[in-house]
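Encoded as structure tokens, the structure appears first; notes follow it.
We did not get these values from a lab; they are worked out from the coordinates using the rules stated. None of these values were measured; they are calculated from a predicted model. Reconstructed Cβ throughout: ideal geometry from the backbone, glycine too, with neighbour counts over all protein chains shown.
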Amino acid sequence: MRVLIVLPGAIGDVARALPLLGRLRRARPDAHIGWAVEPPAAPLLTGHPWLNEVTVFERAGGARAFLAFLRRVRAGGWTMALDLGRSLKSGIVARASGARQRLGFARSDGREGNWLFANVHVAAQGIERSKLEQFLAFGDRLGLAPGPVEFGLAPTEAEARDADAILHGLARPLVAACLGSTCSSRRWFPDRTAEVLRTLLARDGGSAVLLGTVADASFAAEVVRRSDGAVRDLVGRTSLRQLVAILGRAQLAFGPDSGALHLAAAVGVPTVSLWGATSAARSAPWGSEHLAVTGTAPCAPCFLKTCPIERVCMRTITPGDLTVAWNGARART
């Protein structure tokens, strides 16, 4: 049995599909399982203990690179393809795999005609079911035995040493502020982020790290400027694998909908998530759904990448809302 998972997309989506991979591996320990992915999330999969093969589409190479990627996929001899991507691109990849059995989402859950490339469809999921559970629905369709939600993300010894070196000198407890998001409509605000950090560090002691990509550098600089110290700016200074190891050492993570936030939840960190343009019901980090804080606006959730009215929904979320959520998490533990 040779199974190809097709999910090229975002880091958060790939992280939330890992429990399906684990369920498949437990049910089919002898299967050869591969994953077709794009570069941003590929480090999560390379060397993953449940995977046999990772095929990466170097999208910067454009159409020529995509054709070469499809040829590599075709050469895999796949007997089954699981198209988790919902898009025209993922549908093309699944079809190019040559797999006789191609599972995909129902027509109502996909876009760009994606459903046409599958010959078996999972039951309609709707927009309010969590993405992680939607991915697990592929296991239901295959009749796989249910099991625990596990992600299989663990740093190597070298990555653990890197994290220790990066965090050297920082007191515990450690708070991870995940600043960025691929969509500007989801972002929160530097002054409020700094206020949360000041409140938490004054109350609990410890220190904080700021996490994100190079695009978040100016945001991070403003947070540092407004903070009272004990805040280390790591934005754009870690690899994805180092980020996983650093998050695993945190006692709390918070921020808007982002890949880093889902990685924090995947390694077991209580995660306070902020929602406005997107839906907490659909995307709140697994295991920390009770810590989701949702802003209010007549148009929310709009699912727009950019907001034409200055993120009204996110502006209704106050620093106090986050500390209330965190107090609730502490009470549970």
Discussion item. What is the distance in Å between the Cα centroid of segment 136-203 and that of segment 264-333?
Written reply: 14
Worksheet item: Stretch ALA75-THR156 to full length: gain in nm at 0.36 nm per residue minus the Cα-Cα span?
Response: 26.1 nm
Worksheet, complete the sentence: Ordered by number, the trypsin sites (Lys or Arg not before Pro) in segment 241-325 that occupy a DSSP loop and have at most 13 other Cβ atoms within 10 Å are LYS305
Response to the item:
Non-local residues with an amide H under 5 Å from the amide H of HIS121, with H modelled 1.01 Å from N and Pro and chain starts lacking one, are GLY104
Worksheet item: Whole-Hz Karplus ³J(HN,Hα) for segment 169-184, in order, using 6.51 cos²θ - 1.76 cosθ + 1.60 and θ = phi - 60°, x for Gly and Pro?
Response: x, 8, 6, 9, x, 10, 9, 9, 9, 8, 8, x, 6, 5, 10, 5
Practice prompt. Apply the Kirkwood formula to segment 2-141: the hydrodynamic radius equals the inverse of the mean of 1/r over all pairs of different alpha-carbon atoms; give it in Å with one decimal.
Written response: 14.8
Fill in: Alpha carbon convex hull of the chain, volume per residue in cubic angstrom
137
Worksheet item: SER218 versus ASP191, label points 7 Å from Cα toward the beta carbon: distance in nm?
Response: 1.7
Worksheet item: Most fluctuating residue of PRO148, PRO301, PRO256 in a GNM of the chain with Cα springs under 10 Å: which is it?
Response: PRO148
Worksheet item: Which whole DSSP H helices in the chain pass both tests: a Cα extent of 24 Å or more along the axis and a mean Kyte-Doolittle value no lower than -0.5?
Response: 11-27
Fill in: Extension gain from GLU128 to ALA171, taking 0.36 nm per residue of separation minus the Cα-Cα distance
11.6 nm
